[in-house]
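Every number in this text was worked out from the coordinates using simple rules, so none of it is lab data. Remember, predicted model here, so these are calculated numbers, not experimental data. Using ideal geometry, Cβ is built from the backbone for each residue, glycine included, and neighbour counts are taken over all protein chains shown.
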Amino acid sequence: MAKIFCVANQKGGVGKTTTTVNLAAGLAKVGQRVLMVDLDPQGNATMGSGVDKRQMALSIYDVLLESASVAEAAVFSDKCGYHVLGANRELAGAEVELVEVERREKRLKTALAEVADDYDFVLIDCPPSLSMLTLNGLCAAHGVIVPMQCEYFALEGLTDLVNTIKQVHANLNPDLAIIGLLRVMFDPRITLQQQVSDQLKAHFADKVFDTVIPRNVRLAEAPSYGLPGVVFDPAARGSQAFVAFAQEMVERIHKL
């Protein structure tokens with residue numbers, strides 16, 4: 001039975017897509033069956049997984065509008081070792097089209113239920129805004145992974161996200177919880193980052209993942225080659241950190 005996780009943060013530019021594709025690649029490396037779902041119309045997670053968003057016959061758009069199943073729309077990325085349910089510009093139109101339909105926030109949950117036994121992990125890359133697309137992701141998920149930089153504004157954004165998750169938990173998805181906070185783009189030489197990291201651990205305790213993802217040039221370069229850093233340069237510090245994070249996720253899930 002697949003464990004479904006959203007990678008979400010209402011603040012933009014915090015490394016959500018980088019986290020999603022590298023965690024997916026890391027989980028595949030440690031022997032897990034993974035489906036990566038791109039819910040962002042920009043399609044960056046799709047392109048970053050070695051899948052050309054312009055060439056896809058079917059996408060998450062077709063799944064949400066129930067004109068295709070996940071099994072029909074998902075493609076296997078040979079280079080990365082996981083399945084991709086991709087997104088492209090069409091998805092922006094789904095926002096408008098979903099407004100009028102029944103069960104609009106549960107469309108993704110229903111679709112993923114059909115393939116729950118085919119995967120160990122489903123990772124959903126959410127857009128930064130709290131939209132109908134993000135809501136579909138949060139309603140489908142068992143938990144939320146929150147990538148965040150250790151900066152003051154990131155703490156403010158985290159408060160908003162926690163409130164959103166509480167509302168979705170109360171009204172739409174009683175299973176939803178924060179699985180953990182992942183510290184990304186971390187530079188231990190910067191005093192402020194150390195201070196914010198300590199604050200996070202003091203406030204959220206074991207909800208903060210042990211693994212820390214360092215600021216790493218190779219991770220930043222990888223998307224331009226259409227690959228996660230874990231595949232592009234397995235020896236890079238950032239890539240090794242994501243494989244360690246994947247192992248931590250597997251261990252954490254077994255304890256749940």
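Key figures
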item: Helix-only CD estimate at 222 nm, as mean residue ellipticity for the chain, using -39500 (n - 2.57) per DSSP H run (n ≥ 4); result: -13000 deg cm²/dmol
item: Rough spin-label spacing in nm, given labels placed 7 Å along Cα→Cβ, for Asp118 and Asp210; result: 3.4
item: Rounded to whole Hz, the Karplus (6.51, -1.76, 1.60) HN-Hα couplings of region 86-93, x for glycine and proline; result: x, 10, 8, 4, 3, 4, 4, x
item: Summed side-chain charge close to Arg107 - residues other than Arg107 whose Cβ falls under 14 Å, Lys, Arg +1, Asp, Glu -1; result: -4
item: Difference of contour (0.36 nm per residue) and Cα-Cα distance, Val99 to Arg218; result: 38.8 nm
item: Which of Val217, Val84, Val144, Val21 has the fewest Cβ neighbours within 10 Å, and the rest in rising order; result: Val217, Val144, Val84, Val21
item: Antiparallel bridge percentage (DSSP; both residues within the chain; nearest 5); result: 10
item: Residue order, fewest to most beta carbons within 10 Å, for Thr110, Thr17, Thr46; result: Thr110, Thr17, Thr46
item: Fully extended contour minus Cα-Cα distance, from Glu72 to Asp198, at 0.36 nm per residue; result: 40.8 nm
item: Which of Ala111, Val99, Gln149, positive extreme of dipole for the chain (C-beta unit charges); result: Gln149
item: Extended-chain gain in nm, criterion 0.36 nm per residue less alpha-carbon gap, Tyr225 and Val30; result: 67.9 nm
item: Highest-MSF residue in the chain out of Gln55, Gln193, Gln32 [GNM, Cα springs under 10 Å]; result: Gln55
item: Two-site FRET efficiency, Ala235 against Thr110, from Cβ-Cβ distance with R₀ of 35 Å, rounded to 0.05; result: 0.25
item: Cα centre as origin, Lys/Arg/Asp/Glu Cβ charges: the chain dipole, Debye; result: 640
item: With at most 13 other Cβ atoms within 10 Å, longest stretch of the chain clear of loop trypsin sites (Lys or Arg not before Pro) (DSSP); result: 104-188
item: Sparse-neighbour loop sites [GluC sites (Glu not before Pro); region 20-103; at most 16 other C-beta within 10 Å; DSSP]; result: Glu66, Glu100, Glu102
